[in-house]
Every structure is written in structure tokens, then in C-alpha cells.
1. Just the residues that are more than 12 Å from B:Met103 (Cα to Cα) and of a type in the set (Val, Ile, Thr), please, taken from region B:48-78.
2. If I ask for residues that are within 21 Å of the chain's Cα centre (by Cα) and at the interface with chain A (Cβ under 10 Å from one of its Cβ atoms), which ones from region B:330-361 would you list?
3. How many of the residues making up region B:362-381 are farther than 27 Å from B:Ile270 by Cα and part of a helix (DSSP H, G or I)?
4. So how many residues does region B:157-205 have that are in a strand (DSSP E or B), of a type outside the set (A, V, I, L, M, F, W, C) and buried (at least 17 other Cβ atoms within 10 Å of the Cβ)?
5. Closer than 22 Å to B:Gly305 by Cα, assigned to a helix (DSSP H, G or I) and modelled with pLDDT under 95, is that true of B:Thr255?
6. Could you please let me know if D:Asp356 is outside any helix (DSSP H, G or I) and closer than 30 Å to A:Ser4 by Cβ?
7. A:Phe3 - would you say it is surrounded by fewer than 24 Cβ atoms within 10 Å (Cβ to Cβ) and either within 18 Å of the chain's Cα centre (by Cα) or within 14 Å of another protein chain (Cβ to nearest Cβ) (or both)?
8. Filter region A:147-158 for residues that are within 18 Å of A:Glu135 (Cα to Cα) and either within 14 Å of chain B (Cβ to nearest Cβ) or of a type in the set (A, V, I, L, M, F, W, C) (or both) and give the result.
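The values are calculated or read from the model by the stated rules, or taken from the named source; none is laboratory data. As the structure is a prediction and not an experimental result, all values here were calculated from the model. Because the Cβ atoms are built from the backbone with ideal geometry, glycine has one as well, and the counts that use them run over all protein chains shown.
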Protein chains: 4
Amino acid sequence: MDFSLPPEIEALRVQVAQFVRERIIPLEADPANYDEHENIAPAVLARMQQEAKAAGLWAPQIPRELGGMGLSVVGRAALYEEMNASIFGPACFNAAAPDDGNMTVLAKVATPAQKARWLAPIVEGRVRSSFVMTEPHPGGGSDPGMMLTRAERRGSDWVIHGRKWFITGADAAQHFILIARTSDDTRKGLSAFMFDRDQPGWRIVRRIPIMGPEEHGGHCELEFDGLVIPDSERLLEVGDGLKVTQIRLGTARLTHCMRWLGLAKRCLAIALDYVGVRENHGRTLASIDSVQIMLAEVAMQIEIGRLLTMRAAAKLDSGDFARREVSMAKVFVADVLHRAADTGIQLCGGRGYSKDTPLEWIYRYARQARLVDGASEVHKTVLAGALMRERDAFWSWDRR
Amino acid sequence: MDFSLPPEIEALRVQVAQFVRERIIPLEADPANYDEHENIAPAVLARMQQEAKAAGLWAPQIPRELGGMGLSVVGRAALYEEMNASIFGPACFNAAAPDDGNMTVLAKVATPAQKARWLAPIVEGRVRSSFVMTEPHPGGGSDPGMMLTRAERRGSDWVIHGRKWFITGADAAQHFILIARTSDDTRKGLSAFMFDRDQPGWRIVRRIPIMGPEEHGGHCELEFDGLVIPDSERLLEVGDGLKVTQIRLGTARLTHCMRWLGLAKRCLAIALDYVGVRENHGRTLASIDSVQIMLAEVAMQIEIGRLLTMRAAAKLDSGDFARREVSMAKVFVADVLHRAADTGIQLCGGRGYSKDTPLEWIYRYARQARLVDGASEVHKTVLAGALMRERDAFWSWDRR
Amino acid sequence: MDFSLPPEIEALRVQVAQFVRERIIPLEADPANYDEHENIAPAVLARMQQEAKAAGLWAPQIPRELGGMGLSVVGRAALYEEMNASIFGPACFNAAAPDDGNMTVLAKVATPAQKARWLAPIVEGRVRSSFVMTEPHPGGGSDPGMMLTRAERRGSDWVIHGRKWFITGADAAQHFILIARTSDDTRKGLSAFMFDRDQPGWRIVRRIPIMGPEEHGGHCELEFDGLVIPDSERLLEVGDGLKVTQIRLGTARLTHCMRWLGLAKRCLAIALDYVGVRENHGRTLASIDSVQIMLAEVAMQIEIGRLLTMRAAAKLDSGDFARREVSMAKVFVADVLHRAADTGIQLCGGRGYSKDTPLEWIYRYARQARLVDGASEVHKTVLAGALMRERDAFWSWDRR
Amino acid sequence: MDFSLPPEIEALRVQVAQFVRERIIPLEADPANYDEHENIAPAVLARMQQEAKAAGLWAPQIPRELGGMGLSVVGRAALYEEMNASIFGPACFNAAAPDDGNMTVLAKVATPAQKARWLAPIVEGRVRSSFVMTEPHPGGGSDPGMMLTRAERRGSDWVIHGRKWFITGADAAQHFILIARTSDDTRKGLSAFMFDRDQPGWRIVRRIPIMGPEEHGGHCELEFDGLVIPDSERLLEVGDGLKVTQIRLGTARLTHCMRWLGLAKRCLAIALDYVGVRENHGRTLASIDSVQIMLAEVAMQIEIGRLLTMRAAAKLDSGDFARREVSMAKVFVADVLHRAADTGIQLCGGRGYSKDTPLEWIYRYARQARLVDGASEVHKTVLAGALMRERDAFWSWDRR
């Protein structure tokens, strides 16, 4: 058993941590560096991306031959956590959602031609991308079996009609991966396609206003009214839509955890700074034992979250789908993120509730954590199902 | 023992509930009715205020002779809860913070001349007001003993220097009540004054950006650099600043609870609407027993919050300060509000996280509930102090 | 609205509190006063019962004409809470379960002859009683529709066969009320009967060993193998078994709450005594703010529990079944009792875990609170069902 | 990074699991196998110990040359968890507290002569032992600085006077390790000694009755009134008492976690068995999604507890004191144990509350987990202190 990072990962981690602390976090202080959605301004981003590339810290999740760092999932986890010490971090390293998930799936299953056309520009940081799947009621929300958007075959093309929503990053994306229904088969009814922003036959109905900070390109509602996609831009086989989704989700769920841990740690760092200096009735907040208990509980939660994330990462690296481990990490770290932001705000008082620190940004962002990629309640019922099925294994204590 | 509302209050309650449901809530659906801070637009507000006045539902907390409904605190609690079923409600009935607290304190302690000058226009709805007390670190936050803003006597005037922040509504207020230091006496070192927005010698440094919805006039940082206030605009005696604050806070803390209950109930209503129709894997969310448990818990919390609020209201009506009862209500209902909004969002999923319902507005607003007017942790330590002092009373079971 | 006790109830409450504090609690200190199940010794009990009768504090729940105090449910709630400050209290006042529930139902629905035969001796304190309903798997546990014990008619008699368990007090009872199946009708399939311990045809298989303190007569498993009951000892009509159960449960569930509040308050009193004197690293536990927060939270929970209990009591007094109010009280106070005992133990450390105080007795006893008379989860789903059905009432804010 | 057990440990783990399942757990069903304190009967224990020895599964924590298995802390953790699937497990393998802690410390610091005299018989299973430290108020409870029991030097002997309590296993022990005050020096004021049950000058005042199951020898109160101990039976140097304590506690705290995980897993196994067959209103409990959520949460907690325990074990194996890691594991697993037992009882209903399963035994035992070897609140404040001191390390994300 070995709970420490491999030395080469540790060295990269330290390098990223220093980069974020010295080059990125200072940017947060000047409103000129971000837009009204609190996204880093394009010019600043471009500069930071150049620096990150120059430092060899670019696209950790992408194979070296495609332009990335070629790291294992464990390595990715270590670096993503550091990158997310700043809310601007992920974009600077080309490690932001949804691009990183899209790149991962394309790197895994696209044909060479598809990779050249759709993947390479994302890896290079020239375009951004979006994954188009979720539908509004009564379509496919958390239950893809209810998906209503259809791709009808017409010769060597597919014609798309339907409606999607909460499509992250759509308003800033050039490249899209779309999941649509190609038959009514229960298991093989969905297929995956790529399309370009400039193609006709679809539109962004609105950028859905949300509580949370809107990431690049927001969360959009999309309407498809005859978009034509050549069959050559189909990903995998007809009927493999769910498979594409699962390949993407496998690590995507865990990358959330990696990011959330970084944000949670930032919250705790802000709180530690504040309670060390803020006095109340003649003593610093840090000297009050109920404050200490709050801090210790958050610190424990963060370490537990990291253990769960790393365990799942190591299992993914071993070739396993690690569904159970990923679910556990996702459910737990979602709560950690909220708890860390909430505690930070409570300890910083009015300052914590203001935009003078990133705490409120993280607090709003955290609220989606229990919802995205499967509500926590759903993950738990799935975990319980596995537990019931594998009772003998359970009884034998052998959970590996 | 009687846990039911007096019939005349009940009749008013029903009237307000109907007004809110039929006249105010429909306004929420059209973005034209509110500004970028999600405050009701001035013209719409003016129209609604006219309607409310015409219906005899105006300023429930203000004595009849000053133009209000002259209700008891219990009556106010019943009506405020109804009014807050809409986020636009309180302003329409001239029952919004911080005006209602300012009106209450002025109605109680101002001289007739001061009432005519400062109170009447607020009651009539012609101007809004603000209460200027909290200071940034190292000044007086939750500990007024640390207050640094000074009022220096100069002849028959007072000259003010200092800095304040998180001053609710300042950017929209015409009339201000200011708490400043007039001596270093521990108990009688603070005094209260009124001033008008148009007086020179002070400025709004910034509207502090916050997570929460910014109410009319925001939460501002103020700088005083020689504001001159005639001694005639002093409230009560020199050294009575803390007393003014306490008179204001006595019921102001409880009015938060009244409002929060209304908002919490709205959250639950939205959730009930959604789970009754939204299906997942072939069954409505409402039919899932873990969903039922979530709903029941919120409903219970709301009823408990109302019991605590009404108990404190009844005790305030009896002439008691009801500190313990108000603290308990404040601590508990602050949690109820968060829980209700959080549950609403979790059950409504992406829709709950979007701005398509007021859930996200309420969720952000709820985050300040555990902080304003005393952090929950502070209230609890004060409650424990009372418990230790009054152990004999406690042991006797007699908590009245 | 009036949250205070009527003066005559308050006077009785003070009298009971004094009696318990001065006469009963001191008995707890001497092991000679109780048996190995920590039940008060018969001779001591007899003496205390005489004193209680002499003081006019006997069977608060029973009509005066039958020998009790004839109190309302509100009055009963006030007194029961005081009586339960000692774990020996209820028996001394003939207010212990299951006798009090059995007396209540017999006083309500028995014929005059049945009252003379079965009720009078219980009221006088000469015999104890038991209510025989719950069955082991696969019989009727929380779902009476699964009941398997049958009463077969034979001439003017009924013959009973079947198995019951967790029958509280059976091993010390002389009079039994039995619920058995008389037909397969879904709603009218059960009937109620009385039988005497000395009748043949049944036996106590075992006293089920449990975690909790075993009350008088334990929790027994019973086997019926031909017990003959004359039809004259049938309670209400054939098919009214469920009705008898519901009449009994209506207030019985709430009497649990009344008792639990008394026990919870005792826990807090013990904790307050201890933290005031116990020092750690030079300061009393009472001066540590996280300890204060723990104490304040328990105190709040107790007051909330009392509000919920009194609200339900007042509604029962008004003639309503108050199902929703009773459920809420039961669910909430069950948690309060655990929380109070748990906090008491945590603050008292090793002493709290020992039998040197009643904390550990109460802690074990508390564990059944979330199970008896409907698991908390079941109550919540029932509450949610009511909430869904009465949404319009809910929306109108009118919860009475 | 490697989260899997070394193969040789895994093989032993499987062997122990099988032994416990096949040989020990069946013993729980027959009351003839245990005494009134639910401790395994001496004859049965002797038989099982023989079997365990014969299987090579004896004293995992003790070096091979002293007769044990010589396992690392990681190995010990894996085996202890399995052994504790039965409440009789630890004693059968000579891995029960307090013997295992006493053996560990003696194996580490005793002289060869002391090892032969005091350690060997414990390792062989011929005698049991006890560690005598905690004192009643106003002596040294959680704060050893308050210790009052004194060892006064008289020639080559030490004479002991004082009072101790909660001395685990004292009533069944032959060999005792005693901590007493030898000077008033703040850091070097305590020393450690060995004495034998048969020596005069001390007595067991009482076996303190406790809620929890009384382990072999109970938790006793001891009085020392002139016990004479030769200086040759002093452990380490005069003034090293605190050091001895810390050496013992280092791994002893973590062995609690190992045991608690085994018990928690047993609780979950019992619950899984029950919910799979118990029906309510026509469906098994296992099919209810709120039940699934409860099960999944416990399963997650157990896996997290194991990760924390194994991480601390691995760090101890590396030679580090691992204080932070041990504290986190102890605080967390204490909660896991309660949660698992509580959930088991709630799901099994009356059966869970009875002694028909070990759930109630575990529930009572679990209550001491948040108290022994440092209350959870104390561990958290200590953790927070470390967090404040190491903020730079924290900020750098580097928590190793």
C-alpha cells in the first residue's frame, strides 16, 4: 500500500501550484481581468495559456502525441486540484470542462480524420467545444431513455430535430458532440455525431440564466430544426451513443472531484487567513474552539475527498471502469465543496458574502455539484443496488 | 393555550395571501417588471403600492395614527409571511427591510418634530431609508464596542468622520439613521443621529458586490469626512446609541423570520408543483419515498419555524423583550430558509438551479440569514449563557 | 394566540415538579430502590403511589368519575413532562405506558360491565395491563394488514391461535387487550378482545432481551394455542380492531412525546450540573464556546419539542384527530430525546457512559423512540402524502 | 499510488475472515457460549484460542520472536477488521484491548527481564493485563497534567497512593501497567510501573456499571493505599510516564478504528440480510429507495473509514507518529460505527433493538467511541491547531 504521489507527479504538482499561486491568483484581484460572468478575459487568458504551454503544463489529460502531457488519471487528479486553486486556473492549462471531457472521448474513439478535424483545434486551444445531450422535460434529463431529439437518416446524411438544454459552453463553442435518437431500441437507440457552430439548421434559443457563475459559453438551450450531419461525422457505430456518453462520463465525473477539491482547499485557505487576524471581543477567531472545530472538519473532509478521488483514479488507471469508486468520490466531494464554501463564508462574515473573495463564486458553483452528472440520491441508490447484488463479496470484506 | 390566529388577523392574512397570489406573483414571470438586481421596477412598484394602499394593506407595523395598520407583532408575523410568498411582496406593502425597522424605531422614540421630518415620508412611501452602523475590520462588526466612526461635538452640531459598510439600501435611501461614537464609555459611548442623503460631508464609496440578490439600494460602503448634523437630529440622548440599536433589533430580528418563512413556503410550493408532474424512469418524483421524506422534513421545519416566530411575537406583544425567544426563532428559521431553498433546487434539478424559478434567488438570499443580526453561533453562546444563569428556573421546567 | 399554560394546570405542574424533585429523584441514588431491570422496587413503588394519591396527583388522564384527575390532553402533557424528570416517575403517578393508553381506550369505548371488570383495577393501581398487537415476521409488524393471529368464532366464544411479540409489560400484566384477525376483510378484518393472565390457552414464550431498559413486564413474545374468550369480552363491534388501535394510538403517540421531553430535560439538567464544575486545562467546560453551542442546541430542541407537543395536545382537546400534528411531534421529539442523552453523555465523558447517572438508561431507551408506533421514515412519507393532497390548502398558507 | 493490500496480507485476511465466519460467528447464537456480560465463556475461548494458534493466526501485532505474527500496522489493520466481524473475535486471536496495546508497549520498551516477567505470559494467553491511568474528577481525566496518584520513592521501592477509574479489564487482569506522578515537573512528572494483581496495597473498589457491554474485567475503580513497587519494575526512566502513554496510544487509537470497522461492517451485513427478505406493504425493504440511500451511505462511510485507517497505518509503518492521520481516522471511524449500528437497528426495527442480533451490543459499545482516547471535539481542536501552524504547507497543497 502506498498513499504517496509518484515523485515525477509530485514535482509537476509543485510546479503547477507555484504557477497558480504566483501567476494566476493575483489576476483575480483586478476586475479588468474578467468579464461580467467572472470568466477570465480573452486577452489575459491567451497570455496565461502561452505561459502554461511554455512551462510544459498544457492539457495534462491528453496523450503526448496529440500535444498534451500524457498523464495518468492519478497525475491528472494531482494537477487539476492545484489548477483549481484559482477560479481562472483550468482554462489557463486547457483543462477546463467541458473541453477536457470532449478531448478525452475524441482521443479515445474518433477516427484519425475525425481527430484531425475536431480534436486537434481543441487541444491547441484554438476553439472550444460542447457536449449536447440533456433535454428539457418531457425529454431525457437524468434518464437518457427519455431522449426525444431524433437523427433521421437521409441518404448518407443524418437530419436532426429536437431540443436540448443546459448545454455547457455552447455559446462559446465551435465544435459540438451531439447525442440523438436514431432508433427506439432500448439499449442501442442513441448515436453520437459531431457538428460545427457554423452549420445551419440549429440555433441557441437562450443562454439559461443560472445562479452559478456562468462558465465560458454559459448553459444554453438549443433548438435543432433540420441540421444536416454527414454520416462520416458519426462517432463510433450507429447505436453507440450511450457508450460514447459513458466513456466520456467515466473520467468526467472524476474530473469534477479533482476540480472541486482545489476550490474547497482555496476556501479553507481564505478562511484560515481571515480567522488568524480577525478579532472579536478581544480574541482572534482562530482562538475560539468552535471555530477550530469547523476548520478541522473541513480539512478532514478535503483529505477524505482526495483519498476517494485518488482511489478512483488509481482504479481507472488500472483499466477498470471504477463505477462504484467514482460514484462515491462524486457524491462525497460534492458535499465537501459546499461545506468548504459555506464554512468559509460563515467565518468571514460579511466579507465572505461579498464578492471581495471568490468564496461566493464557489458557493454558487458548488450548488450544482449535487446535481450534475447524476444527482447524489441517484448515485446512492445505484451504489445500494451493487451492494445488494454483491453481498457475498461484501461479507467477505473484499471490496476490490 | 391557543395556537390559532385571532379571526381578524386571519381575515387579513387571507386577504394578503390572495393579493400576493393574484397580483404580485404573476409579475415575476416577466423580466420587464424588474431590474438587473431583480428588484421590482419603480413604475410597477408604484402601481402595486397604490393597489395595496387602496386595499387597506399598508405598513402593517405602523400605528394607525401614522398611516399604518397598527397590528400587533403577531398580526405582523401572519401578514409578513404571506407577503413574502413573492420576492417582490414586501416592497409593495411598505413592509420591506430596512424601512420597516427604521419606521418602527422612529415611531417609538423620535420627537414629534423628528417624526414629521424623517418618519412620515417613509411611511407614505415617498422616500426609502437606511440604518448606518456596521463597520469594516478593525471597526465594529458584530461587536459594537469596536466602533470607530466618531461624532465630535462642535457647538450645537456634531461632525462625523469614519467608515461604514454593508449598509443595506444606502444607495436608494434618502433618510439615514447613523450610529457613531460620542465617547469612549463602554456602555454609553454610542449615539444615534439622522441625516439626509443631500447633506455634504459623506459619500458612497461603492456598492459592495455580493452573492445575494441586491435589495433596493444594495449593501454599500460609506465614508464620512466631516458630515455635519445638528444636535436636534439626535435620536434620544447622547450615549443612547446602543439602546436605539437594541430597540430596532428587537423586532427587526423577528421580522427576518417572518419573511424567511414566506420565502421558505414558496420554495416548498415550487417543489410540490414540480415533483407532481416530473417523471423519472416511469414514475413521478412525488411517488418516490426519499423525495417524500425530503418534502415532509421541509414542511415540518416550516411549521416549527412558524411556532417559534409566533411564540416570540406573542411575547413581544406582552411587553417582554423576548430575547431568548427571538434568538431561537432567528437561529432556527435561518436554517429553515436554506433547507427549503436547497431542497427545492435539488428536487427541481437543472430548472431549480436556473433563474426560471425564484429558487436560486432565495438560495443566495438565504446564505446571509445565518450571518445578519448576529451569527447563529453567537446567538447560541448567548442562549447557553442564559441557560447557565437560569438553571434553577430551567430545572423547574418553567421557561416562561 | 396564547402560548402559556392555564393557571390551574400551571399550579399542578409546579406541584408535580416539586414532588418528583423532592420525593422521587432521590430514590434513584440507592440501588436498593430498583431491580435488575432498573424498575422501581414494588414496595417503594407502593409507598410512592400512596403519596401521589394522597397529594391528588393520580392518573391525570382518567376522568374524575373513574378515579383520575380528569385533565385535558394539554394538562396531561404538562404533568407527564414533569413526572418523567425521573425514570421512576410515571409508575408512581399511574401514568406509565402501556397502562395509560389501555386505560384511555377502555375509558372511551368499553361497556359499563367491561369497565368494572377490566378498567377499574388498573385505575386503582391494583393490576397492570398490556396491549397485544405486534407480530413477528411474516406477520403484522408496522403493517396491520399482515396480521396472522386469528380469533375463530365457536358458539358464543372466540378461540385464539397465533404469535405476538414485543408485547410491552406482558410479563407483569394481569389484564390484556388483544387484537386478532376475525376475517380477511381489508378494513374490517381485525377485532379487539380482553383476557386475563390466569386464563389457559396461551403462554409467554420469552421475555425478549433488548438493549433498552426493560420496563415492568418487559417486551414479551406470546403464543396463543386455543385461548377461549367469551364474546362479551369483545371491545366494540366485530371488525373494529383497527378502530380500537387507532383510538389508543391517537393520544398514546403523543404521551410518548410528553415523557420524552421530561427525560430530555433531565439529561440537559445533568449536563448543566457537570459542565459548571468540571474543569479541563484550567477552565470549566461551561466556559468553552463549543460546549455552550451544544447545550443551546439541545435546549432549543426541547423547547421546539414542547411547542409541537402542546400544539398537538391542544388540537386533540378540540376534538380533532390531529394526525399530522401528532406525527410531527412524534418524529421530532424522538430525535430530541436521543440528542439530549447523547449530548449529556458526550459532555459528562466517562461518567456519562457509566450508570452513575440515568443518562445511559435514557440513551438506550431513546433508541426505540424512532421505531415505536411508526418508524420516523414512515411518518414522514405519510406527512408528505397529506402535503401533496392538500396542496391548495398549503399554498394558501392555512395549515390549521 | 497503490490502494490494494500486499498479496501475503490479503491471503491472511481471507484466512481470518473464513475462520471468523465459520468458527466464531456461529458461537454467538448459543447463550451458553457467553456470560452475563456477553463475554465469551472461558472454556469456549480456550478452545478457540487453540484453534487460532494452530492456524497460525495469533497475536498479529507481536514480533515473531516473541510468539506473534510480526505483521506491519497495515497487516494488523486488515486482520483486526476481519476479526471484529464477531464480537467474540479479538479475544480468540489474542488481539483484544487492552492486552494488545499493553503487549505492544512492553515489546517496544521493556527490558529483557521485564519482558520475560510481564510480557511473555500475556503473549501466550495465560494472563490478561490492564493499563492504569485515568482518574476521577478532580484528577487526571483527559488532561494528564491533573494526575493526582503519587508514587513516592522509599529506598529502592516506590509507594503508591491514589485513585483511578475506568480501568479497562482490571477485574480480569493479572498484570498491570500503572502511570503515577513522581514529581511536579510539567513534562516529566509522570512515570510508569508494572505490578501484579496479587501484590497487597491496592484494591478494586467497584466494577463501574456502564451502558456498554463490559469487556473481560470490566471498567473498574481502583484505590491505591500503599502498594509497593520495586524500582526494577519501572518502565523506562523516571519521568517517562507520558512517553510510555504516547507510545501505547500511538497505535492503540488506530487499533480502535480497525476493530470498529469490523463491527460496522457486521452491522451492515445484518441489515442487508434483513432488508432483502422483510416485506412491508408488499415490497421488500431493499426495494425502497430511502432504504437504499441509508445502506449506501453506511457503505460509503465504512470505505472512507478504511481508507483513513489504512493511510494512518501505512504512515505509522513508515516510522512517522502520524498523529494527524490517526486523529482523523479515530474521529471519523467513531462516527461510522455509531452510524452503522444505528442504521442497522432502524432497518431491522424491533429485531434490531432486541438482543436477537449483535446490533444492540454494538450500538452501546459504539457510544464510547467518541469519548475514549480523546473526545472527538478535542481531536478536532488539535487538528485545527496543526492546520493553523502549517498554513504554508497547507497552502502549498502538500499535506504529507
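1. B:Val73, B:Val74
2. B:His338, B:Ala341, B:Asp342, B:Leu359, B:Glu360, B:Trp361
3. So the count comes out to 6.
4. 7
5. For B:Thr255, the condition - closer than 22 Å to B:Gly305 by Cα, assigned to a helix (DSSP H, G or I) and modelled with pLDDT under 95 - is not met.
6. no
7. Answer is yes for this residue.
8. A:Met147, A:Leu148, A:Ala151
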